[in-house]
Amino acid sequence: MAVCRERGSGADGSLARSGCAGSGMRSADQGGARGRRESLNHKGSGSLSSFDEAFLHEVRERNDIVSVVGDYVALRKAGTSWKGLCPFHGEKTPSFHVHPDRQFFYCFGCQTGGDVLSFVREINGYSFVEAVRHLAERAGIPLPERSHTPDDPGSSRVGRASRATRDGFYELNRIASKFFVETLDAMEGTQCRDYLRQRGLERETVERFQLGCAPDRWDGLVNALGRAGCDLKAAESLGLVVKRQGGGGYYDRFRNRLMFPIRSVAGEVIGFSGRALGSDPEAAKYVNSPESPLYQKGDNVYGLHEARQAMRKAGRAILVEGQVDLLRLSQLGLAEVVAPLGTALTANQCRLLKRFVPQVLAFYDGDGAGREAAKKAAQLALAEGLALSVASLPDKEDPDSYARQHGRAAVDKLLARAVPAWEYLVDRAIGETRALESAQGQRLAVERLAPILGDLPSAEERAIFERQLAETLRMEERLLREVVRGAMRRQPARSEVEAPARVAVAEAPVSASELKLLELLVVVPEARARYSGHDLESLVADPRVQEIAAAITRLCEEHETGRGIPELGAVLEVVPQGVVRDQLMKRLAEAPPPADGAAAFEALLKQLRRDAIERQLEAIRRDERRAWLSRDDDTALLLGLEKTKLERQLEGLRAVRD
């Protein structure tokens, strides 16, 4: 859908030219986002079906990983690889390696690794589709249209829209953002500039976050969009303008406001938040874009695009309530700060933050409303498995006022004293119920905390917290558990939709020989052919390895029909995230490809056969012991004969030199 068409320049000269589709220009406010990307949340394996494999092959082939990583990391040559400081965790000694021969990267410090698509996804927080789009446009490769299935991660309203429609919506928001930025610097932006000076916000901060001004009139943006030849009905669907009641035409939604563009992780403007500048008591202090084909308020976090790399470096995010609080802390040098867009923290926002950092510090206002918001955030974070701590401000202070008065060092001290979510909630419950003063107070405190315990994603974590709570309240653990169970029985059942995400059970590592098998299947074409052609699955004990090995060989069989052996990145795409993938990436980074792949695989087969016989022997010895204990002599003797036969086979295999 073309929402804007090329026209002659209007009163402002440049607006129509810079905003129209097909101009080939990108405005400076995109912060490095190289194209128009859809907001998807692709997860792990299965992604190869989203695009034609030939297209993905071209994207990988034309984006050399050393060049791509070099856009973000200072690399230096180290033997056959390149190394630098890891962009995903703080370090002083380089442990991050890029391997041009196999086109993948690996960090020995944080165990992050993958191919060029994986790197772009990790560094920018992109979905698979966003990463493909980024690299395709970087290499000048036309992006094909994709069809969405019902379970496609792009099944949101923006995801279901065609790319042309979606790009048109992004274009409208870019034109609106440019108009607000230009108005801030014009005569109509005088009051807004004065407000920014009063708040002590520097020009660099204003430009980094592309703040703007909505003029104090009803038709400022309407006229600008008209001059750019834009479809005002499409602008209405994004919440930029409002249709007049009982008549034709539209008027501006945002008037006389400081404007904050809201960006997707990829850097596209998806909505706006406007702070009132006038003294009208009836005007809402903040007005945000309504939900639209691009923007869902509970799914996005303000400042995430600007903060994402600082968050990775710091290993945390600082969560504040307001946009000005965010700007103040960012200006102080705490660039890892984000805000939840005028809503209470949501489950989707928790999950979004978990994609980037292992820890979040809630730094909310020091009034009653701020403390209540912090309490709700702590409860939700525990249910979602997000490690959140609460940093408390003095009464009637907010992050902006406290930072302006006391400076960075004082803010750092408060953040360093942040209290983990569970401890914060326990302290609140004890204070509100006077739990340490009476048995009735103890019971009230436990009943308040019981629903939080019930929502924890881990039974082990629940048991630990119950034990800690019993010690804190000086209460018998058995009695505490009875009170918790009673309170939980009185709670309404949670629906499947409301239930928090559950934490996966920790995976066990795979054996050295089976890890070696996966390594050879990835890097040695002869190994794939041998594995699939000789029914060797029976030699593999770990079902995860069986599944991955089968997926790799299937992928290679598909390529034999005309495109040859797939590159490493395509092979790794079929390895799910988890312990096995982490082990495999480390192995690939540590060991160079074998000089003789076929010989290496033959040696491994002998080891796998030895391992298989040893597993059989272990089972037979166990059964033999049981047979003797149960006085089943005949069975015990038969098992003994089988054991002797296998022991001889094992000795024969051990006698053969690898």
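The values are calculated or read from the model by the stated rules, or taken from the named source; none is laboratory data. Nothing here was measured: the structure is a model prediction, and the numbers come from that model. Please note: Cβ atoms are built from the backbone with ideal geometry, for glycine as well, and neighbour counts cover all protein chains shown. The accessibility values were calculated without ligands, DNA or RNA, using every heavy atom of the protein model including side chains. Shrake-Rupley method; radii C 1.70, N 1.55, O 1.52, S 1.80 Å.
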Chain lengthening between residue 372 and residue 61 when straightened (0.36 nm per residue, less Cα-Cα): 106.8 nm
Computed label-point distance, nm, for sites residue 482 and residue 233 using a 7 Å Cα→Cβ extension: 6.9
Percent of C-alpha pairs per 10 Å bin, the stretch 211-252, short to long: 29, 59, 11, 1
Can you figure out the FRET efficiency of residue 439 with residue 351, using R₀ = 45 Å and their beta-carbon distance, to the nearest 0.05? 0.70
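Can you tell me which of 124-135, 367-378 comes out highest on packing, and rank the rest after it, using the mean Cβ neighbours within 10 Å? Provide the component values of the computation, followed by the final result.
Numbers: 124-135: 24.5, 367-378: 18.0.
For the peptides 124-135, 367-378, the packing ranking is 124-135, 367-378.
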Give the residue from 296, 309, 277 lying farthest towards the positive end of the charge dipole for the stretch 275-314; charges sit on Cβ (+1 for Lys and Arg, -1 for Asp and Glu) and the dipole is referred to the Cα centre. 309
Distribution output for the stretch 580-656: share of Cα-Cα pairs per 5 Å bin in percent, first bin at 0, values 3, 14, 16, 14, 13, 10, 10, 7, 6, 4, 2
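Beyond 16 Å, what share of the Cα-Cα pairs of the stretch 284-352 remains, rounded to the nearest whole percent?
Values: 1103 of 2346 pairs.
Distances greater than 16 Å cover 47 percent of the Cα pairs.
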Toy charge model, Lys and Arg Cβ at +1, Asp and Glu Cβ at -1: the stretch 169-315 dipole around Cα centroid in debye, rounded to 20, equals 300
Quick query: amide H of residue 359 versus all other amide H atoms, modeled in the peptide plane; which residues come in under 5 Å with a sequence gap of 5 or more or a different chain? 317
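Please work out the Cα convex hull volume for the stretch 314-392 and give it in Å³ per residue.
In the stretch 314-392, the Cα hull volume divided by residue count equals 79 Å³.
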Can you pull the percent of the stretch 222-290's accessible area that's carbon plus sulfur, 1.4 Å probe, other chains left in place? 45
Could you state the per residue volume, in Å³, of the convex hull enclosing the Cα atoms of the stretch 196-350? 132
Derived scalar couplings ³J(HN,Hα) [the stretch 598-603; Karplus, 6.51 cos²θ - 1.76 cosθ + 1.60; whole Hz; x for Gly, Pro]: 5, 5, 4, 6, 4, 4
Sorted from largest down, what three extents in whole angstroms do the Cα atoms of the stretch 243-332 have along their principal axes? 54, 32, 17
Label-point gap, in nm, between residue 471 and residue 396 - each point 7 angstrom along Cα→Cβ: 3.9
Assign unit charges at the C-beta atoms only (+1 for Lys and Arg, -1 for Asp and Glu), then state the dipole size of the stretch 362-419 relative to its Cα centre in Debye, rounded to the nearest 20. 180
Among all the lysines, which ones have a C-alpha under 21 Å from residue 643's C-alpha, if same-chain residues fewer than 8 places away are not counted? 606
Counting only protein heavy atoms and using a 1.4 Å probe, what share of the accessible area of the stretch 406-475 belongs to carbon plus sulfur, as a whole percent? 48
Measuring with a 1.4 Å probe in the full set of protein chains, what accessible area per residue, in whole Å², belongs to the stretch 358-486? 48
If I take R0 = 22 Å and measure r between the Cβ atoms of residue 404 and residue 204 in this structure, what FRET efficiency does the formula 1/(1 + (r/R0)^6) give, to the nearest 0.05? 0.85
Listed by chain and number, the residues whose amide H is under 5 Å from that of residue 341, excluding neighbours fewer than 5 places away on the same chain and using placed H, are 302
With a 29 Å threshold on alpha-carbon distance, the violating pairs from 77/413; 77/313; 354/375; 297/586; 313/376; 376/586 are 77/413; 297/586; 376/586
